[in-house]
Structure formats: structure tokens, C-alpha cells
Amino acid sequence: MALVADALSYTYEVGTSFAAPAVAGLSLTIEPGELVLVVGATGSGKSTLLRLLAGLLEPDSGTVRVDGEKAGRAGCVGMVFQNPETQFFAETVLDDVMFGPRNLRFPDAEEAAREALEKVALSPDAFGPRSPFTLSGGEGRRVAVAGVLAMRPAYLLLDEPTAGLDRDGRDAVLAAIATTREHAGVLVVSHDPEQFLPYATRVLALSSGAAVFDGSVPELLGHPEPYEAAGLMLPEVVRTQVLARRRGAAITRIALDPDDAAAVLAGARGVSL
């Protein structure tokens with residue numbers, strides 16, 4: 001049971017003077033219970049990779065298989081786009097969130113939609129009757145996430161799921177992702193890796209469509225040089241410890257939590273907090 005991408009490549013405008021390689025030889029495996037974090041600068045191929053994994057684009061070469069079958073099976077892979085307004089079309093929030101379950105012929109489509117709204121901390125009674133086009137940006141993003149969660153996908157792909165959210169909205173989406181991981185594999189594309197590093201099982205860093213780092217969080221924290229060489233910025237709490245270690249501080253581990261990091265830095269100076 002896994003979503004497996006093998007040696008994926010994709011070029012836009014093939015055969016023209018505007019040809020632009022977007023993904024080059026990427027391989028990736030997502031298993032249920034995992035959270036894979038994909039990072040990279042704008043234009044590095046992150047969104048193209050998501051569309052290839054979701055079966056929305058056909059790769060020029062390489063394969064994507066979902067539990068042993070070709071990608072594209074309805075409902076198996078769910079994707080939340082970066083701009084939630086592109087997903088809205090129904091008159092009410094509840095109808096919008098129900099569309100996926102209805103299309104998949106769920107006998108409990110409305111229950112699935114209401115449960116999904118609750119998972120992102122939006123009351124079905126308060127938000128269900130509203131037009132999705134009256135929502136704030138943060139509310140819209142949470143409804144977009146709910147619309148995919150309602151289909152109960154085996155693999156969930158999210159493009160910048162917490163962008164534009166206030167703290168409550170961000171916490172609600174993170175909690176929904178944590179719940180989804182109990183039965184599904186999750187891949188998150190984010191420009192703000194600090195939010196997801198504590199939960200990630202794997203980090204894939206892209207530059208010009210190719211992987212410049214692919215490994216676990218401890219491996220990244222232990223050897224961040226390829227990540228940084230691609231122009232990617234480590235979270236401040238991590239970068240401080242890495243810089244101290246490079247200047248000779250006796251730091252044997254890198255902490256992600258700020259309080260824990262303070263204790264690590266103090267311990268390197270022989271001070272206890």
C-alpha cells in the first residue's frame with residue numbers, strides 16, 4: 001500500500017521554443033501514516049509534482065502508481081489546490097463539500113461533508129448554508145481542505161494548506177492533517193517548512209525540478225548543506241543552532257522546539273536552564 005512515483009519527468013510546451021522542464025527524474029514513495037514535506041523556491045517544480053501525483057498531468061517519462069494501480073482512480077488521491085476559490089462552484093458550503101462524496105456515490109455523503117467541516121473547525125450548521133464566495137480567505141482555504149477530506153482519500157496532497165490562515169485556522173488545518181494521517185498518506189508543499197518539520201517523516205527539497213535533498217528530518221538537520229545550497233532557508237530556530245555548531249559549539253542534536261533549542265544552546269556553553 002503506497003503511492004509510488006518512479007523517475008518522473010515533465011516538460012511544459014514540449015517541441016516549442018518555450019519548452020521548460022518542470023520535473024526531472026523525481027522518485028517518491030508515500031505510505032499511509034507518513035507526512036512528506038516538499039519544499040523549494042518558486043518555479044522549482046513543486047506544484048507540477050503534485051499534479052503528476054494526482055493524475056492531473058501525464059508524465060513525459062516515469063510512472064505513478066497508487067496501491068499498485070495507475071494514478072487517476074477517483075477518490076483515492078485527493079488534492080487541495082493553493083487557491084481555494086478555484087475549487088468552489090456550488091451555492092452553499094455544504095453542497096460544495098458534499099460534491100466529492102456524492103460523485104463517489106457515498107451513501108452518507110452529507111454526513112461525510114459535515115464531519116469534514118468539523119475536522120477543520122468550521123461548524124456545519126453555521127457555515128454549511130453560506131455561499132462559499134462570501135468566505136474570508138482563511139475560511140475558504142479550510143472549506144477547500146474539508147472538500148477533499150470528505151472524500152476520505154487514501155492519499156492527501158496539499159499545496160500551501162496553511163497560507164493566509166490565522167493561528168486558529170492554522171491549528172485547525174494541522175489538526176485535520178494529523179487526523180488524516182491516522183489512515184492515509186499525506187504530502188504537503190509549503191514555503192514555511194517550520195510548521196511541518198516537527199511532523200514530517202521525510203523532506204524532499206527541489207531545485208529546477210530535481211531533488212537536491214531527500215531524506216528524514218534528522219538527516220536534514222544533521223547535514224543541511226545541500227538544502228541551503230539550493231537557496232532554501234532553514235527555520236530560524238534551526239539555523240541558529242546550525243550556525244553555532246559550525247562555529248565550534250558542542251551541539252550533538254538540533255532541536256525544532258524553541259524552548260528545547262534554547263536548552264541545547266545553553267548546554268553547549270555549559271549552562272543549564
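The values are calculated or read from the model by the stated rules, or taken from the named source; none is laboratory data. Everything quoted here is computed from the prediction, not taken from an experiment. Neighbour counts are summed over all protein chains in view; Cβ atoms, including those assigned to glycine, are modelled from backbone coordinates with ideal geometry.
For the stretch 206-227, does any single residue satisfy the condition of being surrounded by fewer than 19 Cβ atoms within 10 Å (Cβ to Cβ), over 17 Å from the mean Cα position of the chain (by Cα) and charged (D, E, K, R)? Within the stretch 206-227, one or more residues are surrounded by fewer than 19 Cβ atoms within 10 Å (Cβ to Cβ), over 17 Å from the mean Cα position of the chain (by Cα) and charged (D, E, K, R). Candidates in the stretch 15-36 are the residues that are of a type in the set (A, V, I, L, M) and at pLDDT 90 or above; of these, the one that is surrounded by the most Cβ atoms within 10 Å (Cβ to Cβ) is VAL23. The strands (runs of 3 or more DSSP E) found wholly in the stretch 32-111 and carrying at least 3 residues that are touching a residue at least 60 places away in the same chain (Cβ under 8 Å) and of a type in the set (A, V, I, L, M, F, W, C) occupy 35-40, 77-80.
Considering only the stretch 37-45, I want to know if a residue exists there that is at pLDDT below 95, under 20 Å from VAL173 (Cα atoms) and among the polar types (S, T, N, Q). The answer is no; no qualifying residue exists.
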